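Q: Can you keep this structure in mind? I'll have questions shortly.
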Amino acid sequence: MDRKVPLYANLIRFHNNIQVASDVHFITHDAMHVVFNRINRLADERGYSFQEHVGCIEIMDNVFIGSGTTILGNVRIGPNAIVAAGSVVNKDVPPNSIVGGVPAKVIGKFSDLYEKRQNEEYPGGMRPMNQGVCPQLVEYLWKEFDDSHESSS
């Protein structure tokens, strides 16, 4: 899995039971100081130079971060949180929440999804194993998918 770790990886703190999907970017700094300093090439000589802006990222316990997410500096993702795929997290994520979008906003509760999934079972003991699915499960899932999407076609 591809994870984008920034120049200042020591500004990221991971707690316990965290899953990070592929292609997640942790952005602990930006390069705006370069742009700002180039506006006035003499800035350094006059003592008006802009400094690099850096910030910490903290991921608390029991967090899932979906694929393609970008997390900006000075953000804490609270405990029991889910960040939906493709989100841009530019502010703190509250505990027990699901966030998604650009910028990420609260779209649900962690506890609701936990409750929903707690008793979920596949028929006949079929379930994904070792990153694979048996042909019977594939057939079952496609039937469920097609049935649930019939009304929208």
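Q: Which whole-number value in Å³ per residue fits the convex hull of the alpha carbons of the range 1-151?
A: 163 Å³
Q: Now a separate question. Counting only pairs 8 or more residues apart or on different chains, how many lysine pairs in the chain have their Cα atoms under 29 Å apart?
A: 9
Q: For the residues 76, 13, what sequence is obtained by ranking on other C-beta atoms within 10 Å, fewest first?
A: Ordered from fewest to most neighbouring Cβ atoms within 10 Å, 76, 13 come out as 13, 76.
Taken together, the values in this text are just the output of simple stated rules run on the coordinates, not laboratory data. Just so you know, these numbers come straight off a predicted model, no measurement behind them. Using ideal geometry, Cβ is built from the backbone for each residue, glycine included, and neighbour counts are taken over all protein chains shown.
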